[in-house]
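Worksheet: the structure to be examined is printed underneath.
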Amino acid sequence: MSRWALPALVVAVLLGAWELAAQWDLIADALGIEPFLVPAPSDIADSLWNDRSLLADNAWVTIQEVVLGFAIAAVVGFAFAVVLHLSPVLRRAFYPLLVASQTVPIIAVAPILVVWFGFGIGPKLAIIALVCFFPITVNTLDGLRSVDPELPRMMRTLDAGRATILRRVEVPSAMPFLFSGAKIAAVISVIGAVFGEWSGADEGLGHLILVAQGQVQTARVFAAIVVLSAIALALFAAVSLIERRVAWWGSAPAPARGAG
């Protein structure tokens, strides 16, 4: 309760001020707020309820895209980080290109992927994977390189090979870093889904937002955004839960001061 009380209070105050500004004509006129452009939180809540079937159907499509695209990025990103870690030559060759790839706006690449792969789920997965790939790869690579040098030396004195050192020492040390990158990717994965659906789709929350904007149904647009945020938060929570189960040594709280 103490952890969530303050954020909940801030959200409540902001929503209350938003509701007051949108509903009170005097404030709305002073701020130049038009109800059809800036709906009140109560109108958004009504849309969440009245359009629940429409939102649920489109949300299910977006959830599938987000989960599959995130999974692809996690597997490929981890494997690519391991390859770069094991080969200094490849790391020097590809790491600058990996960083430079983030200077290209994904919204500019999305239409090209749609032209290449069509209007199916393929380009959406590619866009989501591209959005999630960078934080997972970079964080995992940093984790693999942050191992205490004494540990691999000790393993080599015990006749451990390169694969054994990687499996027993470096990968476990990198797991907290991997999950840190995965949590960042989980939050931004819905951005890739929306860009993909904007570029070419006939269903999904991104497509629903485009249609609602064209029909000036602003409350429905905000309702879809709320659902997108809920999907991102749920994926973040799922990754955090897996982290506690798989890499508990990285997510465990620090011992209390004075503890032995």
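The values are calculated or read from the model by the stated rules, or taken from the named source; none is laboratory data. As the structure is a computational prediction, the values presented were derived from the model and not from experiment. Here Cβ is always computed from backbone atoms with ideal geometry, including for glycine, and neighbour counts include all displayed protein chains. Note: accessible area is taken over every heavy atom of the protein model, side chains too, but ligands, DNA and RNA are not part of it. Shrake-Rupley method; radii C 1.70, N 1.55, O 1.52, S 1.80 Å.
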Average Cα contact separation per residue, segment 150-260, under 8 Å, 6 or more apart, as relative contact order %:
29 percent
In order over segment 9-21: 3J(HN,Hα) from phi, Karplus 6.51/-1.76/1.60, θ = phi - 60°, whole Hz, x for each Gly or Pro, gives 5, 4, 4, 4, 5, 5, 5, x, 5, 4, 4, 5, 5
Segment 64-130 - percent relative contact order, Cα under 8 Å, separation 6 or more
57 percent
Which of G181, G192, G122 moves the most in a Gaussian network model of the chain with Cα springs under 10 Å?
G122
Could you identify which residue out of V227, V13, V211 has the top mean-square fluctuation in a GNM of the chain using Cα springs shorter than 10 Å?
V13
If you roll a 1.4 angstrom probe over the protein chains with everything in place, what fraction of the accessible area of the chain belongs to carbon and sulfur, to the nearest %?
69 percent
Around A81, with a cut-off of 12 angstrom between Cβ atoms, what is the net charge of the other residues, counting Lys and Arg +1 and Asp and Glu -1?
0
State, as an integer percentage, the relative contact order of the chain based on alpha-carbon contacts under 8 Å between residues 6 or more apart.
24 percent
Using a Gaussian network model of the chain whose springs link C-alpha atoms within less than 10 Å, name the residue from D43, D148, D202 with the highest mean-square fluctuation.
D148
Leaving out ligands and nucleic acids, note down the accessible area per residue over the chain with a 1.4 angstrom probe, in whole Å².
58 Å²
Before rounding to the nearest 500, sum -39500 (n - 2.57) across all DSSP H runs of length at least 4 in the chain and divide by the residue total; then give [θ] at 222 nm in deg cm²/dmol.
-26500 deg cm²/dmol
Ordered by residue, what ³J(HN,Hα) values in Hz, to whole numbers, does segment 70-79 give under the Karplus form 6.51 cos²θ - 1.76 cosθ + 1.60, where θ = phi - 60° and Gly and Pro are x?
5, 4, 4, 5, 5, 5, 5, x, 5, 4
Give the distance, in whole Å, between the Cα centre of segment 170-187 and the Cα centre of segment 64-79.
13 Å
In whole Hz, what ³J(HN,Hα) sequence does segment 128-141 give by Karplus (6.51, -1.76, 1.60; θ = phi - 60°), x for Gly and Pro?
4, 4, 5, 5, 8, 5, 4, x, 5, 5, 5, 5, 5, 4
Label point distance in nm, I112-V13, each placed 7 Å from Cα along Cα→Cβ:
4.6 nm
